Amino acid sequence: MGKYKGASSTVLKPKTTHQVSEIVKWCHHRRIGIVPQGGNTGLVGGSVPLNNELILSLSNMNKVRSFDPVSGILVADAGCILQALTDYIAPHNHIMPLDLGAKGSCQIGGNVSTNAGGLRLLRYGSLHGSILGLEVVLPDGTVLDQLTTLRKDNTGYDLKQLFIGAEGTLGVVTGVSILTPAAPQASNNLILALPSFDNVLSLYQIVKRQLSEILSAFEFIDRTAYELAVRHNQGRALNDDDVQGAECFVLVETSGGKREHDEEKLTTLLETLLDADQPLINTGVLSQSPAQFSSLWALREGVTEAVSKEGKPYKYDISVPLSSFKRVVDGTREHLRSKGLLGEHAVKHVLGYGHVGDGNLHLNVVASEYTQEIQDALEPYIFEVVASHRGSISAEHGIGAMKTHALHYSKDAVSISLMKRIKEMFDPRGIMNPGKVIA
Amino acid sequence: MRPSPVRLLNILVPVKRAVDYAVKIRVNPQQTGIDTNVKHSMNPFDEIAVEEAVRLRERLKTAVKSIQAVTIGPSKSSETLRTALAMGADSAIHVELPDSSAAPEPLAVAKTLRAIIQRKQENSEPIDLVILGKQAIDDDLGLTGQMLAGLLGWPQATFASKLDLDLDKKSALVVREIDGGGEEIQCRLPLIVTTDLRYLLCNTEPRYASLPNIMKAKKKPIEKLTAADLGVDLTPQLEMLKVAEPPKRIGGGKVDSVDGLIAKLKEAGITAV
């Protein structure tokens, strides 16, 4: 995002776990800070050195170690690119349990270290569930081999969980064992236009009940976000007339085993929605071909790109109760207006989109320039709003360098002190990704 | 001479169910054809044809009396008709083939379409305009439109990128794609138009089927006919002997030095002139 700039002079690209171990051992000995780096696609500066740390890039560790087409368990080096893994297991009719916009460059080790969420979380759950084992080089160079392929293993503390989402502060993930689900045989998606945000919740309930096990995504896009995506050529789904009366949009995806079965369920759902006395939706479109299926997704995934093209984005990735999505977005807009910051001169748009199914809202503020004034107006305001809902200030992006100061809005003193003790125990010399998560 | 009353327009849009263009085609193990157990959708050129018919109605309003979609194919082809109906066609005809039968050839398709058009004539709902894709993306033959025009003795405007109708004069102004540009021709109705991809550049892309229209489409009538009803024979005249993938391309190599390059060239039998 061009927000963080390191001053490192050295990047090492080891090819084996042994080499990683040797490098870390040396750095431990000489007390040299290390920043483990995957695809460097993070949004909170977790993979960017703050000073002159050594960058340890996992890019050359990019081999699949094994894949069992019966159990669907994939064991791979940490540097494997997510898309490459998806392509590797596709012929075996399996898919990766996670999917995100950066799939073409992000690496599985980075996904694990940041506990990446993404578009399939609603269906396949978080990485805390699908990761079966990890191989980690600890901050003193020791290799922790927990690369098991067991689905059940209740033998004491589940240590690997600590490294999922640790953002490289406890060690370097070098190998991953992950459970991949069978590829769905049929997929459909549709975009619905809703007259009011209040309908999203009731709609979600109905969709969940009627589509049941075939529901695989329920994404929310507000009108501002939709219009930005259309303006920046990320596609177009509905007629202009249909957009006019809508306050927000919902993208629903189904993945199932049999097309006829899924279509029958979808038809019943649509009949219920359209024939209701007080319809929850104005209208919508249903993709008729794989090409249309991709373009509907492109519209949702393209919001991120559109936001970057429109101006300088301040991005907040928060978990708040579903019912408060709109209040949080509107509240932020009003707050900026009251500070006189809303308009072409400062903040152009305040918009919200995200994963309704996961209670995860992406609140984006698009400004013409990054300024201290806007920054001060947004923080701690947004963090306080999140804290008032007992939400999370970082639902899926992590803490990195950007939000270390704000950690206390989501974690109480007891938790933070415990986190610090864990960090101290693993990394007494503080060489692993210094300045990140807890500072 | 008193002016003839302006008759309302009936449009026929033949559509074909084809393997979706986004699907990677694979030759089946028996090498008799391609693996058809994949996602199918409406042939993209036909989608443009449906889109154009619907746009004509949007421009000419009530002057367009009916838009009828027609397909020839197995039972699953009715999904393609539903898509056409959801996009805005009023009714549809499905000439149903047994699921096991081979895909009909262009001449048989053109004869079937002629039979349908003649039936319509007899039922006094004569077709004034047939809009269809210039080719289907599965066999890429690109013959049906021309053959149909020949059989009926109607004018044809192939590879069209723009279509304007003058109902008073019963004529059409069509821009055709030709090498290096467009050719503008005037045709009288009834007329066969085959659509080219440039429609996408001149206009916006074919519309998504909206939910209310999808629901309406389920209630629109689909008339089912068989080849026998129409007195046509759809048995293929060609026999497919073998389908195989093109040979794999063998990649080039790198040489370390100029000398290495010269050695390679000599090896390949290339010498200085």
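The values are calculated or read from the model by the stated rules, or taken from the named source; none is laboratory data. This structure is a prediction, so every number in the text was calculated from the model and none was measured. Cβ atoms come from the backbone with ideal geometry, glycine included; neighbour counts cover every protein chain shown.
For the range B:185-194, the criterion of a residue being in a loop (DSSP other than H, G, I, E, B) and in contact (Cβ under 8 Å) with a residue 60 or more places away in the chain is satisfied by at least one position. For residue A:437, the test of being under 22 Å from the mean Cα position of the chain (by Cα), under 18 Å from residue A:110 (Cα atoms) and among the aliphatic types (A, V, I, L, M) is passed. Restricting to the range B:116-140, and then to whatever is of a type in the set (D, E, K, R) and closer than 15 Å to residue B:157 by Cβ, can you tell me which residue is surrounded by the fewest Cβ atoms within 10 Å (Cβ to Cβ)? Among those that are of a type in the set (D, E, K, R) and closer than 15 Å to residue B:157 by Cβ, it is B:128.
Taken together, A:59, A:66 contain a single residue that is of a type in the set (Ser, Thr, Tyr), over 18 Å from residue A:165 (Cα atoms) and either in contact with a strand residue (DSSP E or B) (Cβ under 7 Å, 6 or more places away or on another chain) or in the same structural domain as residue A:144 (by the TED database) (or both), which is A:66. In the range A:227-237, is there at least one residue being outside the structural domain of residue A:325 (by the TED database), in contact with a strand residue (DSSP E or B) (Cβ under 6 Å, 6 or more places away or on another chain) and buried (at least 18 other Cβ atoms within 10 Å of the Cβ)? Yes. Looking across A:72, A:45, A:33, one residue alone is in contact with a Pro (Cβ under 7 Å, 6 or more places away or on another chain), at positive phi and either of a type outside the set (Gly, Ala, Ser) or touching a residue at least 40 places away in the same chain (Cβ under 8 Å) (or both). It is A:72. Can you say whether residue B:32 is surrounded by fewer than 21 Cβ atoms within 10 Å (Cβ to Cβ), among the hydroxyl-bearing types (Ser, Thr, Tyr) and closer than 23 Å to residue B:104 by Cα, as far as the supplied structure shows? Considered against the rule, which asks whether it is surrounded by fewer than 21 Cβ atoms within 10 Å (Cβ to Cβ), among the hydroxyl-bearing types (Ser, Thr, Tyr) and closer than 23 Å to residue B:104 by Cα, residue B:32 comes out as yes. Only one entry in B:175, B:258, B:193, B:232 is away from chain A (no Cβ under 14 Å), surrounded by 13 or more Cβ atoms within 10 Å (Cβ to Cβ), out of contact with any strand residue (DSSP E or B) (no Cβ under 7 Å at 6 or more places or on another chain) and at pLDDT 90 or above, namely B:232. Taking strands (runs of 3 or more DSSP E) that do not extend beyond the range B:14-92, which have at least 3 residues that are within 12 Å of chain A (Cβ to nearest Cβ)? Output list reads B:17-19, B:40-42. The listed residues are B:227, B:217, and the only one of them that is within 14 Å of chain A (Cβ to nearest Cβ), surrounded by 13 or more Cβ atoms within 10 Å (Cβ to Cβ) and in contact (Cβ under 8 Å) with a residue 24 or more places away in the chain turns out to be B:217. Scanning the range A:380-439 for residues that are free of Cβ contacts under 8 Å to residues at least 24 places away in the same chain and either under 30 Å from residue A:329 (Cα atoms) or surrounded by 21 or more Cβ atoms within 10 Å (Cβ to Cβ) (or both) yields A:387, A:388, A:390, A:408, A:411, A:412, A:413, A:415, A:416.
Of the helices (runs of 4 or more DSSP H) entirely within the range A:231-316, those holding at least 3 residues that are within 13 Å of chain B (Cβ to nearest Cβ) and at pLDDT below 85 occupy A:240-244.
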